[in-house]
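Chemist: Before we start, here is the structure in question, set down as structure tokens.
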Amino acid sequence: MTSETITAAASGTWRLGDLSVRRIGFGAMRLTHLADGSPSDRERVTSVLRRAVELGVNHIDTAAFYFSALRSANELINRALAPYADDLVITTKVGPGRDFAGEWWWATPEQLRGQVEENLRQLGRDHLDVVNLRVPRRETTGSIAEHFGALAELRTAGLVRHLGLSNVQPEHLAEAQAIAPVVCVQNPYGIGSPAEDHAFLDACGQQGIAFVPFFAIAGAGKEAGVVAEEAEQVRTVAKAHGVSTAQLRLAWTLNRGPHVLAIPGTGNPDHLVENIATGALRLSPQEMALLETA
């Protein structure tokens, strides 16, 4: 599979409310530091962001809490891409916060406005296209009504255009939908995910809601990246298509349904090209079923 001339247009499009995005996007989490924790090269990651847009990416996922000692993902995006193209959709998330020492805290409903305003300031925008409410833990089953209701008020006030959810269960989605429209669900998902995650992805599609997997490439490795040896099924199908196992994992999620979006992140220009090329990779039903057993 050659990737040099493939752009994000090959992945197709989906709508986040009234905003049309290409299904291959870009995640900003890895812009701020290298795998060993050292600061990223500012000029290199700035060029990666610009190259992503040149290759047709018009959906960037970020957050104010994506920062290292020397870098802020939001401010890197601002520096690289402002003034922003009319069709560029920037999705961010609120709920978690980090202090200057890097310690985590979680916002109360009353603190969400401050987090939204901080994203606005860092990105240099007067509104946010999509804001996801991130729930603290995947296993959380408590109500999110107060937090989501606070974001719905910011949407009414014009600070936020559309709302989404992250790290949630189906009951969270139902609760939020009763308050305001939800345009996307952003959850960990990929080859090897349990059956209930597959069912949730399908349910989102039935409701016209985008499903946006994170850790699609890393799998169980999460922030540390892929750490386990790849399953034989993954290696076999990747070899048949002439792609890396990382590309294959990403392509598998996109092939799960037209409502599935991808937000792979990288500070490496070569990996960027490879990630975008996965939008052109089509897998047969037999290959999809085989990979689901991995």
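The values are calculated or read from the model by the stated rules, or taken from the named source; none is laboratory data. Small disclaimer: the values here were computed from a predicted structure and weren't measured. So basically every Cβ, Gly included, is an ideal-geometry build from the backbone, and we count neighbours across all protein chains shown. The area values use the complete protein model at the heavy-atom level, side chains included, leaving out ligands, DNA and RNA. Shrake-Rupley method; radii C 1.70, N 1.55, O 1.52, S 1.80 Å.
Chemist: Which value results when the Cα radius of gyration for region 1-66 is divided by 2.2 N^0.38 Å? Can you show the working numbers first?
Modeler: Details: Rg = 13.6 Å, N = 66, 2.2 N^0.38 = 10.8 Å.
Region 1-66 yields a ratio of 1.26.
Chemist: Per residue, what accessible area does the chain have, given a 1.4 Å probe and all protein chains present, in Å²?
Modeler: Ligands and nucleic acids excluded, the figure is 44 Å² per residue.
Chemist: Enumerate the whole-percent occupancy of each 10 Å bin, from 0 to the last occupied one, for all C-alpha pair distances of the chain.
Modeler: 6, 29, 38, 22, 4, 0
Chemist: Based on Cβ point charges of +1 for Lys and Arg and -1 for Asp and Glu, what charge dipole magnitude is obtained for the chain about its Cα centre, in debye rounded to the nearest 20?
Modeler: So the dipole magnitude of the chain works out to roughly 420 debye.
Chemist: First check a/c for region 1-114, with a ≥ b ≥ c the square roots of the eigenvalues of its C-alpha gyration tensor; if it is under 1.5, answer rounded, and if not, answer prolate when a/b is larger than b/c or oblate otherwise.
Modeler: Oblate.
Chemist: Just to confirm my numbers, what's the Cα centroid distance between region 238-294 and region 102-155 in Å?
Modeler: 30
Chemist: Can you tell me, using C-alpha contacts under 8 Å and at least 6 residues apart, the relative contact order of the chain as a whole percent? Before the final figure, lay out each step's value.
Modeler: Details: 557 pairs, mean separation 61.5, N = 294.
Averaging sequence separation for qualifying contacts and normalising by length gives 21 percent for the chain.
Chemist: For region 116-268, what is the relative contact order in percent, using Cα pairs closer than 8 Å and at least 6 residues apart in sequence?
Modeler: Worked out over region 116-268, it gives 18 percent.
Chemist: Related question: How much of the accessible area of the chain, probe 1.4 Å, is carbon plus sulfur, in whole percent? Don't skip to the answer; put the middle values down first.
Modeler: Details: 6720 of 12910 Å².
Of the solvent-accessible surface of the chain, carbon and sulfur hold 52 percent.
Chemist: Note down the magnitude of the dipole of region 1-78 about its Cα centre, charges +1 on Lys and Arg C-beta and -1 on Asp and Glu C-beta and zero elsewhere, to the nearest 20 debye.
Modeler: Roughly 100 debye for region 1-78.
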